[in-house]
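Enquirer: Please find one structure pasted underneath; my questions will follow.
Values quoted throughout were computed directly from the atomic coordinates according to the rules given, and no laboratory measurement underlies them. Owing to the predicted nature of the structure, the values given are computational and were not obtained by experimental measurement. No Cβ is skipped: glycine too gets one built from the backbone with ideal geometry, and neighbour counts run over all protein chains shown.
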Amino acid sequence: MFFRVIDKERLPDLVTGLSTEYEVIAPVEKDGRFVYAPVVDPGDVRLDYDTTLLPPKKWFFPAEETLMRFRVADNEVLDDEVFAAPRVLFGLHPCDINALLLMDNVFTGRYADPYYMRRREQTLLIGVSCSPSDTCFCNVWDTNEVHWGFDVFLTDMGDRYFASCRTVKGAEILDRFVENRTVTDEDTREFQRVVHDFKDAFDRSVDTTQLPVLLDAKFDSPIWDEFGEKCLSCGACSMVCPTCYCFDVHDRLEPDQKSGVRVRTWDSCQFKEFAAVAHGQNFRDTRASRVKYRYYHKQWGYLSKFERVLCVGCGRCARACPAGINPVNVIEALQTGEVR
Amino acid sequence: MAPRVAIIGLASDFGCQVQVTNMEDHLLDVLGLMDLSYWQLASSGHLPDEYDVAVIEGAVTTADHAEALLKARETAAVVIAIGSCAITGGIPALAGTADYDARYGVVYGDGVAVARGRQLPAPVSSVIEVDYHVPGCPIDPAEFVTVLSRAIMGLKDDMPRDPMCAICKTQENVCFLDRGRACLGLVTRTGCTAKCVTLGRPCTGCRGISPEANIPAARLVYAEKGLDPLELDRLFDLYNAAREVVV
Ligand code: SF4
Ligand code: SF4
Ligand code: SF4
Ligand code: SF4
């Protein structure tokens, strides 16, 4: 890794410079909250954001995308090109970078997804340090630290940024687009201090000791029925989650019925049809079983395959769920036997 | 032979038919697929004796409507209900939320019969079986085209079932409930990309109640967000007075 220091005042130069060669996507304000959107004016970039409504996954795996066009008469594929413009995702928090690494396990592994891969290859990631909001619990999974998966990571040190360059490309863009200097001992000491302060700023702790054992022991717990009664089966939790990757695929015919498009959309395990199969069977027929398996998959199923839980503690589900169901209160309810 | 399609209008403001007539770009393609034997707004012809597809708009409010529907069901191989009036009773069904006869009297005068066998406005499904549905007030012409294509190809009705919030999240809207305002999206059938919320207005439930809706839980959410839980029930009256849930 290379390290550089950038004067805070100079940061807009980086955005402006990057904009000459890349589409720059960064957090901007929307109705009092924040969204990742293409930057029109570097002044719109809000690195003081708490979290975004949707996670960065939408830039790699959009909520709706066309996989291909086909001709009905002979079932020929007409067009399955994946178009991906060179992009920079600017301002990702550690949780969201970690979330992309979890997504990579699924989309770039054994059954590599060309659509996701192409966009991933074409996108540079620039992270930025944050401070925990009242819904953040990344400390619980150690996802408040990030060691790889970014090109540059900017740690806010008041009047300057400590820039960690993880890739050659990352070092290159810094040198090309923004005035910077090498790191002094004082910078490194300050960096250590800032990072420690960040870690100390978390006041939420959740006991995750032997979580898989807890889940298995509570498999038949009435707690799941209580959550089932509260859940609206609305799927909001899956949409806003940076680590939820399930999708549905539909074919849609054009009005002339001569050609059609194959479309992929985000799906949710909280929808009843998610587990419906031929013959009218549904192995997740009740809300309670659907909520339960959301958590079994995230905290146990994925863990058993990839040695990480499928959650980065970003807290988006805690903000989005109308019924107030989220990993923290699910784990606590299993431990205490009470839904709070 | 292209399927012969008849459009039959019951009690409604014809808004859905206007939507269909307005969809310039797709209309020609769809017209190529079908023979528009009877189109109440688009032509002045009379209902032919034979047709294959009956598209029904509007709620049932008279004995004549019920008879027309029975006739249509007998004649057509496929029946498509379009719009909230036809599917849930829609706005006409509001008439049933208080003393119907008294309301009728206020509008038309006591003992005046303006239509034979008037009845409480009801959805088409209260009289005949419906094969395909295009929900909404008014309908989205693109959805109409999709459903019509499915009907012509013999594919099953594929009306979305889940509540609206998921698609609303994909539009990155700030939830009305978090702004202290009631929204019916959490119990309303999805499929319109949460158009109203995206345009700055809470969902009023025009697509009908989602068969997966958890209404008791939604009342609790209202209470939790500082709203009157019964506000949910009051809001239902606009499009879902009959509490019809199409499964
Ligand atoms: S969850 Fe952690 S990494 Fe993400 S924004 Fe909150 S504090 Fe930062
Ligand atoms: S489960 Fe919730 S907290 Fe965990 S990553 Fe998903 S949205 Fe974030
Ligand atoms: S857990 Fe919450 S957000 Fe997820 S489907 Fe249930 S009510 Fe909706
Ligand atoms: S604004 Fe309405 S539709 Fe959107 S998430 Fe909130 S309740 Fe659901």
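Enquirer: So how far, in whole Å, is the C-alpha centre of the range A:137-202 from the one of the range B:122-191?
Expert: 47
Enquirer: Across chain A, how large is the tail of the calculated P(r) beyond 37 Å, expressed as a percent of all Cα pairs?
Expert: On the way: 14078 of 57630 pairs.
When every Cα pair of chain A is considered, 24 percent fall beyond 37 Å.
Enquirer: Over the residues of the range A:2-201, compute the C-alpha Rg and express it relative to 2.2 N^0.38 Å.
Expert: On the way: Rg = 18.3 Å, N = 200, 2.2 N^0.38 = 16.5 Å.
Compared with the compact-globule rule of thumb, the range A:2-201 sits at 1.11.
Enquirer: On to the next question. Nearest 5 percent is fine: what portion of the DSSP beta bridges confined to chain A is antiparallel? The partial results should precede the final answer.
Expert: Values: 35 of 46 bridges.
Antiparallel bridges: around 75 percent, rounded to the nearest 5.
Enquirer: Are any of the pairs A:Lys258/B:Lys71; A:Lys58/A:Lys298; A:Lys57/B:Lys156; A:Lys272/B:Lys195 more than 27 Å apart by Cα-Cα distance, and if so, which?
Expert: Numbers: A:Lys258/B:Lys71 34 Å; A:Lys58/A:Lys298 20 Å; A:Lys57/B:Lys156 33 Å; A:Lys272/B:Lys195 23 Å.
Pairs exceeding 27 Å: A:Lys258/B:Lys71; A:Lys57/B:Lys156.
Enquirer: Determine the percent antiparallel among the DSSP beta bridges restricted to chain B, to the nearest 5. Show your work: numbers first, answer last.
Expert: On the way: 4 of 20 bridges.
Approximately 20 percent, going by the DSSP bridge assignments.
Enquirer: Choose one answer from A:His297, A:His250, A:His93: the residue with the largest mean-square fluctuation in a GNM of chain A with alpha-carbon springs under 10 Å.
Expert: Highest fluctuation of the listed residues: A:His250.
Enquirer: Chymotrypsin sites (Phe, Trp or Tyr not before Pro), restricted to the range A:30-135: which are DSSP loop and have at most 16 other Cβ atoms within 10 Å?
Expert: Those satisfying the criteria are A:Phe83, A:Tyr111.
Enquirer: Looking at the range A:217-286, which trypsin sites (Lys or Arg not before Pro) are in a loop (DSSP not H, G, I, E or B) and have at most 13 other Cβ atoms within 10 Å? Could the numbers behind the result be given before it?
Expert: Values: sites: A:Lys218, A:Lys230, A:Arg252, A:Lys258, A:Arg262, A:Arg264, A:Lys272, A:Arg284; in loops: A:Lys218, A:Lys258, A:Arg284.
Filter output for the range A:217-286: A:Lys258.
Enquirer: While we're here: To one decimal place, what orientation-averaged projected area in nm² is obtained for the convex hull of the Cα set of the range A:211-336?
Expert: Working: hull surface 38.7 nm².
Mean orientational projected area (the range A:211-336, Cα hull): 9.7 nm².
Enquirer: Please tell me the relative contact order of the range A:107-196 in percent, rounded to the nearest whole number, where contacts are Cα pairs under 8 Å and at least six residues apart.
Expert: On the way: 70 pairs, mean separation 18.9, N = 90.
Result for the range A:107-196 is 21 percent.
Enquirer: Over all pairs of distinct alpha carbons, what does the Kirkwood formula give as the hydrodynamic radius of chain B, in Å?
Expert: Details: mean 1/r = 0.0528 Å⁻¹.
With all distinct Cα pairs of chain B included, I get 18.9 Å.
Enquirer: Bin all alpha-carbon pair distances of the protein assembly as shown at 20 Å intervals from 0 and give each bin's fraction as a whole percent.
Expert: 18, 45, 29, 8, 0
Enquirer: Also, I was wondering about something else. Can you spot the aspartates and glutamates whose alpha carbon is less than 15 Å from B:Lys225's alpha carbon? Ignore those fewer than 8 places along the same chain.
Expert: The qualifying aspartates and glutamates are B:Asp178.
Enquirer: Test of understanding: given chain A, find the longest segment containing no GluC sites (Glu not before Pro) that are in a DSSP loop and have at most 13 other Cβ atoms within 10 Å.
Expert: A:180-306
Enquirer: What size of dipole, in debye to the nearest 20, comes out for the protein assembly as shown about its Cα centre when the only charges are +1 on Lys and Arg C-beta atoms and -1 on Asp and Glu C-beta atoms? Before the final figure, lay out each step's value.
Expert: Working: 62 positive and 85 negative charges, 156 e Å.
The calculation lands at about 760 debye.
Enquirer: Hey, another quick one. Where in the range A:29-117 are there trypsin sites (Lys or Arg not before Pro) that are in a DSSP coil and have at most 11 other Cβ atoms within 10 angstrom of their Cβ? Write out the running numbers ahead of the final one.
Expert: Details: sites: A:Lys30, A:Arg33, A:Arg46, A:Lys57, A:Lys58, A:Arg69, A:Arg71, A:Arg87, A:Arg110; in loops: A:Arg46, A:Arg110.
Hits after loop and neighbour filter: A:Arg110.
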